[in-house]
1. Between Asp737 and Ser505, with labels modelled 7 Å along Cα→Cβ, what's the label distance in nm to one decimal, could you check?
2. What's the center-to-center distance, using Cα atoms, between segment 804-834 and segment 177-217 in Å?
3. For the pair Gln859 and Arg243, how long in nm is the line joining their label points, each one 7 Å along Cα→Cβ?
4. Looking at [x] 33.6; [y] 32.0; [z] 29.9, which value of Kirkwood radius over Cα pairs in Å comes from a calculation on the structure shown?
5. Considering only DSSP states other than H, G, I, E and B, which trypsin sites (Lys or Arg not before Pro) in segment 322-377 qualify as loop sites with at most 15 other Cβ atoms within 10 Å?
6. For Lys912, list the lysines whose Cα falls under 20 Å from its own Cα; do not include residues on the same chain fewer than 8 positions away.
7. If you count only protein heavy atoms with a 1.4 Å probe, what accessible area per residue comes out for the chain, rounded to a whole Å²?
8. Roll a 1.4 angstrom probe over the protein heavy atoms and tell me the percent of accessible area of the chain that is carbon or sulfur.
Amino acid sequence: MPRQQNPVRAETAPGPPLLASRLTPAVPPEPVVARPRLLRRLDEGSTGAVTLVAAPAGWGKTTLLASWVRLSGGTPEAEPGTVVPDSGDLSVAAVDEPVPAWVSVEAGDDGDRLWAYLAAALRSATGSAEDGLVPDRPPRPDQLEALAATLAVADRPVLLILDDLHRVADPAPLAGLEFLLRHADQRLRLVVGARAGVHLPLHRLRLAGELTEIGRDELAFTDDEVADLLTAHAAALPATAVRRLRGRTGGWPAALRIAALGVRGQPDPERWVGQFGGDQPEVAGYLREEVLVAVDPSALDLLRRTAVVDSVCAALAEALTGRVDAGQALADLAGTGGLLRREDTRPPWYRCEALLADLLRADLERLPPDEVRELHVRAADWYAGNGRPADGLRHALTAGRWDLAGDLLVAHWPELTRYDAASVPVPAPTPPPDLVLRADPEVVLACAAERAYAGDLPAATGHLHAAAGWATNLPVPRRDRFLRLVTALELTLARLAGDHAAARSTAARLLRTRPPDVPPTSAARSAPTAGGGGAADDLDLRAFTGTALGLVELADGGLPTGRFVRAHAAAREAGRPRTEMVAASRAAVLLAVRGELSTAERTARDALAMPAGRGWSCRLDCAYAYLALAVVALLRDQPEEATANLSLALPASVADGWGGVPEDGDARTALDGEPVAAAVAALCRAWLHRDAGDPAAGQRLLVRARDALADRPSAGELTAALRAAEAELRAERGDLDAARDLVSVEGADPALAVALAKVELLAGDAAAAERALPDWQPETATSWPLPVRLNAGLLDAVLAERAGDGRRAGRLLEQVLDLAGPPGCRRAFTRAEPPVRDLLAAHLDAGTAHFALVREMVQDAGENVTGSAAGPRGGLDEPLTERELTILRYLQSILSNVEIASELSLSVNTVKTHVRNIYRKLDATRRREAVRRARELRLI
C-alpha cells in the first residue's frame with residue numbers, strides 16, 4: 001500500500017468549500033486491534049478493479065480502511081501546497097504503486113456535491129489541480145473520455161477509497177466512475193466501504209473476476225482478535241469466556257467494544273459475559289440508533305414478529321405476519337439492509353444476528369400476551385404441517401396448545417431426539433396444569449422430549465419421573481404406547497448423558513415392545529405411528545434403536561456398520577428424514593472403511609442430497625458424508641478428490657494442505673468429539689502425506705489418533721488399522737524394529753498380521769513374511785475390510801513369484817483383481833511397492849480379464865513412483881511466493897481458475913498470473929505436470 005498523498009485544501013477547487021476531513025481517513029478510535037489478515041486481503045484486492053467491504057453498521061469497515069491507509073504508509077505531515085514529486089523522482093520500486101485518494105461520503109450528497117469531492121480526490125492523486133482535466137461538476141461524455149485517456153497513461157494507478165458509499169441515493173455520479181473503471185486500462189481502482197445498496201455493477205464485476213469482497217464473515221473478530229481487544233481495554237478474560245463472548249456477539253466489532261468497556265470492573269466478569277445480550281442498554285441503544293433507525297416501519301414489524309422463531313423462510317414469515325410479500329421483504333432485509341443472514345438452503349432461510357434477535361424478542365415481549373401467544377400458535381401449526389416436529393412441539397408448548405403438543409409427540413417421537421449437541425440454551429415453556437395432564441398424559445412426555453431436545457437433561461428427567469404417575473389409569477393399548485414412549489425417552493437421555501450401559505439396557509427393553517406378528521417391512525404402514533402395533537411401529541423402533549445403539553458404539557470406538565445400514569433402511573421406509581440422515585452419513589463412512597466403495601459413495605451422496613432447512617443442524621452429518629467420499633476417493637487413488645472432500649469434512653483449516661486441522665490439533669472442526677470419524681480422517685491424511693513424500697507427518701497424525709482412542713472400550717479394530725498404517729510408514733522410513741513392535745501382537749487382527757508380513761518382506765525375510773501372512777481366501781476372510789484382503793492377496797502373489805511359482809502368482813493376482821475391480825479399489829495396486837508393479841506388468845503379458853484396468857494401474861503406479869519415491873531432482877532457481885504456494889495447493893484439486901479465485905477472493909486474472917509464474921518456475925507447461933513436479937520437490 002503506497003503512502004497517502006497530501007489532502008486537497010478547500011481552496012483548490014472552485015464552488016462551495018470542501019471539507020479536508022472528508023478527503024483524509026479519520027483517525028481510528030484507540031485502541032485499534034491489529035488485523036493483518038484483513039490488511040493482506042485489502043492489499044491483494046487493491047491490485048484488481050474493485051474491492052468492496054460491505055457489512056451493516058458497527059462491523060469496523062471505516063476503522064479497517066483508515067487503519068489500512070495509515071498503517072501502510074500514513075498521512076504525511078506536509079504543509080498545505082507541498083509539491084508531490086513527479087514520477088521521475090520516484091524509486092523504481094514505487095513507480096507502479098497506486099496513489100491513494102480518500103473520500104468520505106455523507107448523507108445528502110447529490111450528484112454535484114459528490115462529484116466535487118471525487119474531483120478533488122482525483123486531482124490530489126493525479127497532480128492535475130491546475131489543468132482543468134478533472135471537472136468540478138459531473139462530467140460530459142467527452143470529458144470522461146479525456147479523463148480516462150489521461151488515467152490510462154499515468155505513471156502510477158489511482159486507488160480511490162470511497163467510505164460509506166451506501167449513502168449515495170443517486171446512481172448518476174457513480175456511472176462516471178464505472179466508465180472510468182472500464183476505460184482507464186486498470187489505472188483506476190476502487191476500494192469501497194458500504195453497508196449495502198451500492199450503485200455499482202457488482203454482478204458484472206463478480207462474473208468477470210474483477211471484484212474482491214470482504215463481508216461480515218471476514219470482518220467478524222476471531223477468538224484471538226477478541227482476546228487482543230479485551231487485553232487492549234485492560235479486560236482480559238479466560239479463553240472459555242473469550243469464546244463465549246465471541247459466540248454471543250458473532251464477532252461483531254461494535255458489540256465487542258461495548259463488552260470490552262463494560263466488563264472492566266465487574267466483580268464476576270465471566271458471569272457478566274454469560275449474560276451479555278442485545279437487550280442490554282448500551283447494545284440496544286446502538287442497535288436502535290445505528291442499525292434499525294433507517295429500517296422501514298413495516299419491515300421492522302416483520303423483523304419483530306418473525307423473531308418469535310430462530311430462523312424464517314418466506315412461507316413461515318407469511319404465516320406469522322399475513323403478508324403476501326414476506327418473501328421479498330426478507331430478501332430485501334438480507335440484501336440491501338444486511339440485517340438478516342441468508343442460509344445456503346432451498347428455499348432460502350434467514351436468521352438475525354444473535355444480539356439483534358435478543359433486542360427484537362425483548363420488543364416482542366412488550367406486545368399484548370394474546371398477540372404473542374397467537375404468533376406461537378401460528379408457528380406451531382406451520383412447523384407441524386411442514387415436517388419440523390421439534391420446532392412445532394416447542395412452540396405448541398409455549399403457546400399452551402397442549403393437544404397439538406401431544407399429537408406431535410405421538411406421531412413424530414423418533415424425530416424428536418437430538419443427535420447433535422444443543423447450541424444455545426432455550427428457556428423452558430410454562431409447564432401444563434395438572435388438569436391438562438390428567439386428560440392427556442402424553443403432554444408430560446412432550447415436555448420431557450422438548451427439554452431433552454434443548455439439552456436440558458435434568459428437566460427432562462424430572463418430567464419423565466412425573467410421567468409414571470399418569471399412566472396408571474390409561475386403557476391398555478394407550479398405556480402400552482405411553483410406556484413405550486417413556487422407554488424411548490429414557491434411551492435418549494441415557495445416550496445424551498453418556499451412560500452407555502443404561503442406553504444398551506434401555507434399548508433392549510424398548511425392542512421387547514416391538515409389536516407381534518409384524519408383516520414384512522415393505523408392507524404399507526398399517527397403523528398410526530406409536531399407536532399400538534403394525535409395521536409402522538416396528539420400522540420406527542428399529543430405526544430409532546438402531547441409530548441410538550450405533551451412536552453409542554461409535555462413541556466407544558466401535559465400527560457398527562451393519563447396525564447403521566439396517567437403521568438407515570428402516571428410517572427411509574418409515575419416512576423419518578432426520579434419523580435417516582444420521583444413519584446414512586455414519587453408515588457411509590463405515591462402509592467406505594470396509595471397502596464397499598460403491599455403496600458408501602451412493603449412501604453418502606444420498607445423505608448430502610437430503611433437503612436442508614428442516615430445523616436441525618446437519619453440519620455433523622454432512623461432515624461424515626464428505627469424510628466417506630474422501631475415503632472412497634483415497635481407496636480409488638484419486639488424491640485430489642480425497643483432498644477436496646477432506647476440506648469439506650474438516651472446514652476449520654486446511655493449513656496442512658490435506659483438508660484437515662493443523663498438526664497441533666488446536667483447530668475445532670465439525671468432527672470434534674467423534675472419535676471414529678477423527679481416526680478415519682487421520683488415516684486419510686496420513687496416507688496423503690505419505691504419497692506426497694512426507695511419511696513422518698502422517699506418522700505423527702496416526703500416533704495422536706491412536707492416543708485419542710486409548711480409553712475407548714470398543715476401539716480394537718480401528719486401533720489395529722492405525723497401528724498397521726503407522727507400522728507401514730515406519731518401515732518405509734527404515735525403522736523396521738519399531739514397525740515390528742507395533743504389529744507383533746498375539747492373535748493379531750488381520751490388518752496387523754498383513755502389516756507384519758509387509759514389514760518382514762521389506763526387511764528381506766520372505767520366510768517370515770509368509771509365516772506372518774494370514775490366509776485371505778477362506779469364507780471367514782470375507783468379513784475382513786476389502787483393503788486388508790487385497791493387501792494380503794497381493795503379498796501372497798509377490799511371495800509366490802519370489803518362490804519361483806509364477807503361475808500361482810498369476811492366479812492369485814487375478815483373484816485379487818476380481819475383488820478390486822467392481823468397487824474400483826485401486827490404491828492397493830497403484831501405491832504398492834515395486835514388486836507389485838512388476839507383477840502387474842508381467843500380468844499384462846500373460847493375459848488377464850482385467851487388461852484395461854491393469855494397463856491403467858501400471859501406468860499410474862509408475863507415475864506415483866516418479867512423484868513420491870524418486871525424491872527431488874533439485875531445487876528451484878526462483879522460489880515460489882507464499883501466494884503461489886497457496887494456489888499450487890489448489891491446483892491439486894479439480895477446481896477451475898475461476899473457482900480458485902472465488903475460494904481465495906481474488907480476481908481471475910490474478911490467479912492466472914500466479915499460475916503462469918508457477919508453471920515458469922517449475923518448468924511445467926500444464927497443470928498436472930506442475931503438480932507432479934511440485935511433489936517431487938516436496939513443495940506440496
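1. With each label placed 7 Å out from Cα toward Cβ, I get 5.0 nm.
2. 56 Å
3. 4.9 nm
4. Checked against the structure: label [y].
5. Here the sparse-neighbourhood loop sites are Arg366.
6. Leaving aside lysines fewer than 8 places away in the same chain, those within reach of Lys912 are Lys921.
7. For the chain, the solvent-accessible area averages 43 Å² per residue.
8. The C+S portion of the solvent-accessible surface of the chain is 52 percent.
The values are calculated or read from the model by the stated rules, or taken from the named source; none is laboratory data. Because the structure is predicted, anything quoted here is derived from the model rather than measured. Heads up, the Cβs are rebuilt from the backbone with ideal geometry, glycines too, and the neighbour counts pull from every protein chain shown. Accessible surface is based on the protein model in full, side chains and every heavy atom, while ligands, DNA and RNA are left aside. Shrake-Rupley method; radii C 1.70, N 1.55, O 1.52, S 1.80 Å.
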